[in-house]
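**Q** Just passing along the structure, written as C-alpha cells.
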Protein chains: 2
Amino acid sequence: MGGTRIKMALLNKNAEILRTKDIDAQAGLSMEQRLEDLVDDINGLVGSDCKLKGIGIAFPGIIDFESKKILSKYVKYPNAHKTDIPGWAEKHWRIPLLIENDARAALLGEWQHGSGKGCNNILMVTLGTGMGSAVLLNGQLLRGRNYLAGNLGGHMSIDFQGEICNCGNRGCVETLASTWALEENLKKIPNYKSSILYKEETLSFKSVFTCASNGDNIAEKLKLQSLEAWSSGIINLLHAYDPEKLILGGGILESKEEIIPFIRKRVWEYSWLPDSGTEIVAAEQTKYAGLQGMCYLLNIEIFNN
Amino acid sequence: MGGTRIKMALLNKNAEILRTKDIDAQAGLSMEQRLEDLVDDINGLVGSDCKLKGIGIAFPGIIDFESKKILSKYVKYPNAHKTDIPGWAEKHWRIPLLIENDARAALLGEWQHGSGKGCNNILMVTLGTGMGSAVLLNGQLLRGRNYLAGNLGGHMSIDFQGEICNCGNRGCVETLASTWALEENLKKIPNYKSSILYKEETLSFKSVFTCASNGDNIAEKLKLQSLEAWSSGIINLLHAYDPEKLILGGGILESKEEIIPFIRKRVWEYSWLPDSGTEIVAAEQTKYAGLQGMCYLLNIEIFNN
C-alpha cells in the first residue's frame with residue numbers, strides 16, 4: 001500500500017506472481033474504509049480457480065510485526081493505527097494476515113528473488129516519495145525494540161542545525177531530498193522563478209533530472225543537493241551496519257544511470273569502507289519485491305515452509 | 001591503550017581486577033616499540049604468584065578481530081597497522097592474545113559487569129577525546145563485513161555540507177564536538193578572544209563545562225554546540241539500532257549531571273522513539289570496562305568458559 005498506488009498481486013507459495021492489479025490509493029479515505037473497498041479487488045484476483053491462504057501487506061510506516069499493528073500515524077491512510085487489520089482478513093476469508101514495513105518487505109523480496117540472492121547481510125534503501133530503508137543481518141530482519149531499527153534512513157539528521165522536519169527531528173535526509181520537500185527546496189534556490197520547474201504543477205524527481213540534463217541551472221542545483229543528501233545519509237547507514245551489499249530501489253531509481261554512480265563515488269571519497277568493501281547494486285524487482293517479501297514471511301511465519 | 005594513557009590490569013577468570021597499572025601512552029613511539037616497553041610492566045603486574053594465561057587489548061581504532069590486526073592507521077601509535085600483535089604475546093609468553101575496538105570492549109564490560117547487565121541489545125557511546133560507539137544485538141557484538149559496524153558514531157555526518165573531517169568525511173560529529181576539534185570550534189565563535197578558554201593552553205571539555213557554568217558566554221555556546229552535536233548523532237544511532245538500552249561512558253561523562261539529561265530531553269523531543277522506548281543510563285565501570293570486556297572475549301573465544 002503506497003502513498004499514491006495500491007499494488008496487489010496473487011502469488012503462489014513459491015512467490016511466483018500469477019495475477020496483479022494496481023489501483024489508486026485514494027489518499028484521504030480512512031484505512032478501514034480502504035480495506036473494505038479492496039475486498040472485491042482481492043476476490044477478483046483470486047478468482048474461482050485459486051484458494052486464498054493468507055494475506056501480506058507491505059505498508060509505508062512503522063509496524064509492530066508481532067501484534068500486526070501500524071504504529072505510525074501515516075497521514076495518507078487516516079486512522080491506520082487504530083484499524084484491526086488481521087480482524088479484516090479473518091472476517092472476510094478466515095485466513096492469516098501479516099503486515100510489515102514496506103522497505104523491510106522489499107528487502108526480503110530482493111533477498112529471495114532479486115539482487116540480494118545468496119547474501120545474508122544487506123542494507124536496502126528505497127528512493128521514492130521519501131527515503132525508506134531496512135536491514136538484514138545474518139539472514140534476519142533487524143527490527144529493534146520499538147520496530148524502528150533500520151527503517152528511519154530518511155529521517156536521519158544530516159543537518160543538525162537545519163530545519164525541523166515534518167517528523168519533528170531536525171535536518172532529516174527527507175527534509176533535504178524527497179518528493180514532498182521538492183517545492184520548498186526549489187524555492188530556497190536564488191532566482192528559482194527562472195527555472196522550468198517553477199511552472200510545473202507537481203514537482204517530481206523525474207522532471208528535476210530531466211530539466212537538469214536539459215541545462216536548467218536551478219534544476220541542476222536541486223539535483224545536486226538531493227544527490228549529496230542521499231549520499232550522506234547512505235554513507236551514515238553503511239557505517240552503521242557495514243553490510244555486504246547495498247541495494248538501491250524505489251521509483252526514483254529510473255534515473256539509476258546517474259544516481260548509483262554518484263553514490264558510489266561519494267562512498268569511495270567520504271566513507272571509511274575499503275575499496276570493494278560493499279557491493280552497491282540496483283534493485284531488480286522494483287515493482288513487486290514487497291509482495292514477494294510478504295510471501296516469504298507468510299511462508300516462514302505461518303506455513304513453516 | 002588510549003590516546004593519552006595505557007591502562008593495564010591483571011584480572012582473574014571471573015574478570016575480577018587483581019592489580020592495575022597506568023602509564024603514559026607516550027604518543028609518537030611506534031606500536032612495536034611501545035609493546036616491547038610494556039613487557040616489564042606486564043611481568044610486574046603478574047608477579048610470581050600468578051600465571052599469565054592470555055592478553056586482551058582494547059584499542060581505539062578499527063580492528064580485524066579474526067586476524068588480530070589493526071586496520072586503521074591510528075596516529076597516536078605509528079605503524080600500529082603493520083605490527084604483528086599476537087606474535088608479540090607469543091614471543092614473550094607463548095600465550096593467546098585478542099584485540100578489539102575499545103568501544104566494543106567497554107560495551108562487553110558494561111554488559112557483563114556494569115549498567116548493561118541482563119540486557120542483550122545495547123548501544124554504547126563513549127564521549128572522550130572523540131566519540132566512540134559499539135552495538136550489541138541479541139547478545140552478539142555487531143562487527144560488520146569490514147569490522148566498521150557500530151564503531152563510527154563519531155564519524156557520522158550530521159552536517160552534510162559542513163567541513164571536511166580529519167577522516168575525509170564531511171561534517172562528522174567529531175568535527176563539531178570532540179576534544180581534538182575544540183580549539184578550532186572555539187575560534188569560530190564571534191568574539192572568542194574574550195573567553196577565559198582562549199587563555200588556556202590545552203582545551204578540554206572539563207574547562208568548557210566549568211567556564212560555562214561560571215557565566216562565560218563563549219564557553220556556553222561551545223558547550224551547547226557540543227551537546228547538540230552529540231545528541232543529534234546519538235538520535236541517529238538510536239534510530240539505526242533501536243536498542244533496549246543506551247549506555248553513555250567516557251571521560252567527559254564526569255559532567256554527566258548535565259550531559260545525560262540534555263541528551264534525554266533531545267531524544268524525547270526529536271526522536272521517533274516512544275516514551276520510555278529506550279533506557280538511557282551512564283556507564284558504571286568507566287575505568288576498566290574495556291579490560292573486563294576483553295576478559296569476557298578471552299573466556300568465550302579461547303578458554304570456552
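**Q** Go through B:ILE6, B:ILE63, B:ILE23 for me and flag whichever is at pLDDT 95 or above and either within 20 Å of the chain's Cα centre (by Cα) or among the β-branched types (Val, Ile, Thr) (or both).
**A** One residue alone meets the criteria, B:ILE63.
**Q** Being away from chain B (no Cβ under 14 Å) and touching a Phe, Trp or Tyr at 6+ places or on another chain (Cβ under 8 Å) is the filter; apply it to segment A:252-274 and report the residue that is surrounded by the fewest Cβ atoms within 10 Å (Cβ to Cβ).
**A** A:GLU258
**Q** Does segment A:87-123 hold any residues that are assigned to a strand (DSSP E or B), within 14 Å of chain B (Cβ to nearest Cβ) and either touching a helix residue (DSSP H, G or I) at 6+ places or on another chain (Cβ under 8 Å) or over 30 Å from A:GLY47 (Cα atoms) (or both), and which are they?
**A** A:ILE122, A:LEU123, listed by residue number.
**Q** Quick check on segment B:26-44: of everything there that is of a type outside the set (D, E, K, R) and crowded, with 17+ Cβ neighbours inside 10 Å, which residue is farthest from B:SER72 (Cα to Cα)?
**A** Ranking the qualifying residues of segment B:26-44, first place goes to B:ILE42.
**Q** If you don't mind, another one. For segment B:249-258, does any single residue satisfy the condition of being acidic (Asp, Glu), at pLDDT below 95, within 16 Å of the chain's Cα centre (by Cα) and assigned to a helix (DSSP H, G or I)?
**A** yes
**Q** Taking B:PRO86 as meeting all but one of (1) surrounded by fewer than 16 Cβ atoms within 10 Å (Cβ to Cβ); (2) touching a Pro at 6+ places or on another chain (Cβ under 8 Å); (3) not β-branched (Val, Ile, Thr), write down the number of the exception.
**A** So B:PRO86 meets the others, but not (1).
**Q** Hey, another quick one. Restricting to segment B:144-191, name every residue that is away from chain A (no Cβ under 13 Å) and either touching a Gly at 6+ places or on another chain (Cβ under 6 Å) or more than 25 Å from B:ILE259 (Cα to Cα) (or both).
**A** Correct list: B:SER178, B:ASN191.
**Q** Consider segment A:66-86. How many of its residues are more than 20 Å from the chain's Cα centre (by Cα) and assigned to a loop (DSSP other than H, G, I, E, B)?
**A** 5
**Q** Report whether or not A:GLY277 is among the small types (Gly, Ala, Ser), facing chain B (nearest Cβ under 10 Å), more than 24 Å from B:GLY162 (Cα to Cα) and not in a helix (DSSP H, G or I).
**A** Spelling it out, A:GLY277 is indeed among the small types (Gly, Ala, Ser), facing chain B (nearest Cβ under 10 Å), more than 24 Å from B:GLY162 (Cα to Cα) and not in a helix (DSSP H, G or I).
**Q** Among (1) buried (at least 18 other Cβ atoms within 10 Å of the Cβ); (2) over 27 Å from A:GLY251 (Cβ atoms); (3) touching a residue at least 60 places away in the same chain (Cβ under 8 Å), where does A:GLY56 come up short?
**A** Answer for A:GLY56: the failing condition is (2).
**Q** Additional query: Taking only segment A:124-138 into account, find how many residues are of a type outside the set (Val, Ile, Thr), more than 13 Å from every other protein chain (Cβ to nearest Cβ) and in a loop (DSSP other than H, G, I, E, B).
**A** 2
**Q** Let me ask another. Confirm whether A:ILE70 is in contact (Cβ under 8 Å) with a residue 24 or more places away in the chain, in contact with a helix residue (DSSP H, G or I) (Cβ under 6 Å, 6 or more places away or on another chain) and farther than 30 Å from A:ALA282 by Cβ.
**A** Taking the combined requirement at face value, the residue does not satisfy it.
The values are calculated or read from the model by the stated rules, or taken from the named source; none is laboratory data. Here the structure is a predicted model, which means the values were calculated and not measured. A quick note on method: Cβ atoms are made from the backbone with ideal geometry, for glycine too, and the neighbour counts reach across all protein chains shown.
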